[in-house]
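Notes for the one structure printed next.
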Amino acid sequence: MEDKEIYERVVKVISEVLGVDKEKIKPESRFVEDLGAESVQSLELVAAFENEFDIEMEEEAALEVKTVGKAVEFIKQYLK
Amino acid sequence: MKLIERFIEEAKKLNRKVVFPEGTDERIIIAASELKKEKIAQPVLIGKREEIEKVAENIKADISEIEIINPEEVDYFDHLVSLYMEHRKNIKKSIAEKLVKRPLIFGGMLVASGKVSTMVAGAVNTTANVIQSAALTVGYLPEISSASSFFIMALPDGRVFFYADCAVNITPDENQLAEIAYATALNYKKLMKDTPKVAFLSFSTKGSASHPLVEKVQKAVEIAREKYKDFLFDGEFQADTAIVESVAKRKVKEVSEVAGKANVLIFPDLNAGNIAYKLTQYLAGADAYGPILQGFAKPVSDLSRGAKVKDIIGTVAITCLQT
């Protein structure tokens, strides 16, 4: 999968789960501070990424990811 | 009789259904078989039957009469998924299905749907995970916006104090402090069957010092009194003014039903709360029960990952009494 496609699908998922416009989502955006995520939504984001990419992520490590760019990197390791 | 033994006796009268999402953990299995045998609560283990039975066989625990639920096999799974989606509007069905298959979320949905009374987890999962799962499923009490925790401190002379928050909120603001006070007052009333007298603690008594940290506590008292009229709140008090009547008489000029008589102590932040409970435990020889989670619409409790079987049973008893 191309990096661009992964990024776009990550943005789509974030937009749906957090209910924010895709335009507002940048690689450096922090989920809580910049995108207004409540901490409880991190579990939903993890499940949504797993669903989108058909992967199973290591939950505790996944919950440590704080920005959109880091999420893309984190997901990539499961797609190889 | 120790306080915890009294709670266990009272829990027996209720014999509530309690769900354990960490159904394959050895300590949980032993605790479940004890709870069933002693008729303290009706345990429900989440997980695959053959896996749980294998662990039980290895440790020779009798789970023959314990209910085991595998989220993927229950006929009401779809009902729980739609119930989840009613609470969480942005979540698509496929994602909700994935979430509800997770033991912590599934357990939370069993509580939310009323199929069981309470959930106890955290022997394997982190506290943050337990809190988030409960927030997503059970949700918070009206007028409460986040989870907090309390400790029950039972002193050798028989006195009992509730301390909060000693484990969850690091730097609560005035609104959170007021919420913590309210949630702890509710639990004091339920567990102790007595009137909670809630003192907000500080290094200042009724304006004896002025500092932004004192002002935060003063504001919290005002908010609590305004918002939660059913309970007695007062402060800000230094700790001695809160619990020693002779000191209170000297330092507090106005009439107060709390000063010198407080039984619920609200600490200004986690530094103070956590230090205070450990000092009380080790210097005063108090038994410390907790941290018990609070603020959820229905009780959910966290265990420490080092919890022993005895701790699990105690937590279950206290959690059942919160229902």
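The values are calculated or read from the model by the stated rules, or taken from the named source; none is laboratory data. Quantities reported herein were computed from a predicted structural model and do not represent experimental measurements. Cβ placement follows ideal geometry from the backbone for every residue including glycine, while neighbour counts extend to all protein chains displayed. We work out accessible area using only protein heavy atoms, side chains counted, and drop any ligands, DNA or RNA first. Shrake-Rupley method; radii C 1.70, N 1.55, O 1.52, S 1.80 Å.
Here are some notes:
- Flag for B:N90 being out of contact with any Ser or Thr (no Cβ under 6 Å at 6 or more places or on another chain) and over 21 Å from B:A297 (Cβ atoms): no
- Filtered residues of region B:26-54 (kept if open to solvent by 10 Å² or more (accessible area, probe 1.4 Å) and in contact with a Gly (Cβ under 9 Å, 6 or more places away or on another chain)): B:G47, B:K48, B:E51
- Restricting region B:237-276 to residues that are without any contact (Cβ under 8 Å) to a residue 60 or more places away in the chain and of a type in the set (S, T, N, Q), the residue that is least open to solvent (accessible area, probe 1.4 Å): B:T241
- Odd one out for A:K24, checked against (1) within 17 Å of A:K12 (Cβ to Cβ); (2) within 11 Å of another protein chain (Cβ to nearest Cβ): (2)
Let's see how each residue does on (1) outside the structural domain of B:F231 (by TED's automatic domain parsing); (2) within 16 Å of the chain's Cα centre (by Cα):
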| position | (1), (2) |
| --- | --- |
| B:S117 | yes, yes |
| B:V124 | yes, no |
| B:S133 | yes, yes |
| B:P156 | no, no |
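- If you go through region B:216-235 and keep only what is within 16 Å of B:F267 (Cβ to Cβ) and of a type in the set (D, E, K, R), you end up with B:K216, B:K219, B:D234.
- Any chance B:L141 is surrounded by fewer than 22 Cβ atoms within 10 Å (Cβ to Cβ), more than 14 Å from every other protein chain (Cβ to nearest Cβ) and closer than 20 Å to B:G273 by Cα: no
- Selected residue (only one of A:K66, A:K22, A:K26 is open to solvent by 60 Å² or more (accessible area, probe 1.4 Å) and touching a Phe, Trp or Tyr at 6+ places or on another chain (Cβ under 8 Å)): A:K66
Yes or no, residue by residue, for (1) in contact with a strand residue (DSSP E or B) (Cβ under 9 Å, 6 or more places away or on another chain); (2) not in a loop (DSSP other than H, G, I, E, B):
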site: B:D230; (1), (2): no, no
site: B:F233; (1), (2): yes, yes
site: B:R250; (1), (2): no, yes
site: B:G273; (1), (2): yes, yes
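- Subset of region B:314-323 [open to solvent by less than 30 Å² (accessible area, probe 1.4 Å) and in a loop (DSSP other than H, G, I, E, B)]: B:Q322
- Looking only at region B:277-313, and only at residues there that are in contact with a strand residue (DSSP E or B) (Cβ under 6 Å, 6 or more places away or on another chain) and part of a helix (DSSP H, G or I), the one that is surrounded by the most Cβ atoms within 10 Å (Cβ to Cβ): B:Y277
- Condition check for B:L80: under 17 Å from B:G108 (Cα atoms) and either outside the structural domain of B:G108 (by TED's automatic domain parsing) or under 25 Å from the mean Cα position of the chain (by Cα) (or both): yes
- Checked against (1) crowded, with 21+ Cβ neighbours inside 10 Å; (2) not in a helix (DSSP H, G or I), B:A11 meets all criteria but (2).
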